[in-house]
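Okay, so here's the structure we're looking at.
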Amino acid sequence: MSMTVTESLSAEEREAILDAVRDFARTHLAPNALEWDQTRHFPRDVLAIAGELGLGGIYVREDVGGSGLSRSDAVAIVEELAVGDPTIAAYITIHNMVAWMIDRYGTDAQRHAWLPRLVAMTEFGAYCLTEPGAGSDAAAITTSAIADGDDYVLTGVKQFISGAGEAGVYVVMARTDPATGSGAGSARGITAFLVPGDADGLSFGPHEKKMGWNAQPTRQVILDRVRVPASAVLGSLGGGFAIAMSGLNGGRINIAACSLGGAQWALDRAVRYVHERFTFGEPLADKQAIVFRLADMATELRAARALVQGAALALDQTTPGSSDYAEVTVQCAMAKRYATDAGFTIANEALQLHGGYGYLQDYGIEKVVRDLRVHQILEGTNEIMRVIIGRHVLAEGAR
């Protein structure tokens with residue numbers, strides 16, 4: 001294995017960073033989370049403050065302004081952000097995935113053109129893989145990129161894109177080799193492109209009306225003969241699918257960390273509530289059934305956190321494309337599946353413990369339940385995570 005991160009932080013440095021993140025989450029996210037959810041407000045000004053703290057490029061290299069931290073540091077940071085607001089924390093993770101892909105696979109010119117602005121969060125990034133007819137089967141995309149002289153012309157529609165209409169750059173996966181066709185198993189011939197947000201022919205569908213994640217925009221990205229130069233190719237021609245999948249490994253543990261933060265917030269609220277709520281002359285906290293439920297919630301949360309931390313460490317220690325990377329992909333899938341399932345269950349249990357009050361918007365519990373539900377779907381559904389894990393077990397055996 002080869003290390004891919006800078007030298008580890010000291011315990012004191014790491015705690016100082018986490019203290020700053022906690023303060024940001026308490027000051028700027030938590031007090032506004034309910035209002036942003038209800039008004040569907042995307043807080044560009046607050047994200048700019050996050051950029052000033054280095055949260056726009058957590059594991060981007062320092063020569064372009066990034067923080068140069070490890071994935072292990074990142075999941076701890078993301079969890080603290082999600083305690084403040086899972087919706088905004090999740091968008092920050094998507095933005096960081098885009099920044100990392102440019103940092104990892106971009107040319108020096110691409111890195112210096114895009115990353116200083118993305119790191120500062122004066123501009124945002126969006127990741128465009130999913131299409132109306134290609135979700136879990138990501139290799140089935142049909143968006144085309146046709147060579148025309150020194151340019152490529154992109155045509156297609158991307159679906160469920162976070163940050164659509166707000167981003168300054170879109171990492172778009174498109175098919176540059178039509179001979180590979182589309183459908184299951186046709187990952188060859190897909191290339192990643194950097195498409196500026198103001199490109200001619202780029203437009204966006206209406207804002208999706210969602211169950212949760214209301215404070216971040218989700219829209220279609222429509223490419224109608226969008227022309228970009230050959231210098232907009234990210235990585236190698238035909239290498240886009242591998243780039244997309246390596247980006248998703250980090251995305252999966254980050255979204256898992258968002259579930260941890262939301263679940264921790266919900267558990268903390270539940271503990272406080274059962275001390276305050278009296279039924280039949282005694283606090284709920286004195287009832288053994290309640291004690292058992294809280295014990296299970298805390299145990300599931302700690303187990304999920306251990307899986308996420310283990311996957312992050314493995315990602316830190318392994319280079320994409322190496323012989324060890326398949327095992328890392330499985331670890332990320334395990335962490336994502338377990339933590340997002342556990343996070344939603346814990347938040348839903350916290351709502352149940354609040355009784356009718358949990359169903360009211362003012363208590364915030366129902367918002368976290370709604371926000372965490374989508375984590376079981378995006379970055380690869382949890383059913384697809386089981387496919388990845390199960391195939392590996394069948395091929396390699398369980399250890």
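The values are calculated or read from the model by the stated rules, or taken from the named source; none is laboratory data. Just so it is clear, the model here is predicted, and its values are computed rather than measured. So basically every Cβ, Gly included, is an ideal-geometry build from the backbone, and we count neighbours across all protein chains shown. Surface areas here come from the heavy atoms of the whole protein model, side chains and all, with no ligands, DNA or RNA. Shrake-Rupley method; radii C 1.70, N 1.55, O 1.52, S 1.80 Å.
Things worth noting here:
- Per residue value of the accessible surface for the chain (all protein chains in place, 1.4 Å probe), Å²: 43
- Extension reserve of the residue 146-residue 224 stretch, reckoned as 0.36 nm per residue once the Cα distance is removed: 26.9 nm
- Of the beta bridges in the chain, as assigned by DSSP with both residues counted there, near 85 percent are antiparallel.
- Residues of type lysines that residue 367 reaches as a straight line, Cα spacing below 17 Å, ignoring anything fewer than 8 places off in the same chain: 209, 210
- Accessible area of residue 396 in the full protein assembly, 1.4 Å probe (Å², nearest 10): 110
- Kirkwood Rh (inverse of mean 1/r, distinct Cα pairs), the stretch 330-399, angstrom: 13.3
- Whole-angstrom gap from the stretch 348-372 to the stretch 192-267, using each part's C-alpha centre: 29
- By accessible area with a 1.4 Å probe, ligands and nucleic acids excluded, highest first: order of 302, 71, 225, 293: 302, 225, 293, 71
- Segment residue 326..residue 282, full-extension length gain: 10.5 nm, with 0.36 nm per residue of separation and the alpha-carbon distance subtracted.
- Note on residue 16 and residue 381: the model spin-label points, each 7 Å out from Cα along the C-beta direction, lie 4.7 nm apart.
- Across q = 0.06, 0.13 Å⁻¹, the chain modelled as identical point scatterers on its alpha-carbon atoms has Debye log10 I(q)/I(0) values of -0.23, -1.08, in the order of the q list.
- When nucleic acids and ligands are ignored and a 1.4 Å probe is applied, residue 341 ends up with an accessible area of around 30 Å².
- Here the stretch 1-157 is assigned +1 on the Cβ of each Lys and Arg and -1 on the Cβ of each Asp and Glu. Its dipole about the Cα centre then comes out at about 180 debye.
- Each semi-axis of the equivalent ellipsoid for the stretch 231-289 is √(5λ) with λ an eigenvalue of the Cα gyration tensor; in descending order they amount to 50, 9, 5 Å.
- Net charge over other residues, Cβ less than 14 angstrom from the Cβ of residue 115 (K, R count +1; D, E count -1): -1
- Here the accessible area is traced with a 1.4 Å probe on the protein chains. For the chain, carbon and sulfur cover 53 percent of it.
- Förster-model FRET efficiency, 35 Å R0, residue 23 and residue 275, C-beta, rounded to 0.05: 0.85
- For the chain, relative contact order (Cα pairs under 8 Å, six or more residues apart, normalised by length) works out to 17 percent.
- P(r) histogram, all alpha-carbon pairs of the stretch 182-251 included - 5 Å bins from 0, percent: 3, 13, 15, 18, 23, 18, 8, 2
- With K and R counted +1 and D and E -1, the other residues having a Cβ less than 12 Å from that of residue 217 yield a net charge of +3.
- Antiparallel beta bridges, as assigned by DSSP with both residues in the stretch 150-299, represent about 95 percent of the total such bridges.
- A 1.4 Å probe, protein heavy atoms only, puts the accessible area of residue 105 near 50 Å².
- Charge tally for residue 36 (other residues, Cβ to Cβ under 12 Å; Lys, Arg +1; Asp, Glu -1): -2.
- Its Cα centre serving as origin, the chain has a Cβ charge dipole (Lys and Arg +1, Asp and Glu -1) of approximately 920 debye.
- Total charge dipole magnitude, the stretch 200-312, about the Cα centre, Cβ charges on Lys, Arg, Asp, Glu only, Debye to nearest 20: 160
- Gain upon complete extension [residue 391, residue 45; 0.36 nm per residue less C-alpha separation]: 120.1 nm
- Across the alpha-carbon atoms of the stretch 291-387, the computed radius of gyration and Dmax are 15.9, 52 angstrom.
- Partners of residue 158 within straight-line reach, counting aspartates and glutamates whose Cα lies under 19 Å from its Cα and excluding those fewer than 8 residues away in the same chain: 131, 137, 166, 177, 198, 200, 208, 224, 379.
- Gaussian network model of the chain, Cα within-10 Å springs - most flexible of 331, 361, 220: 361
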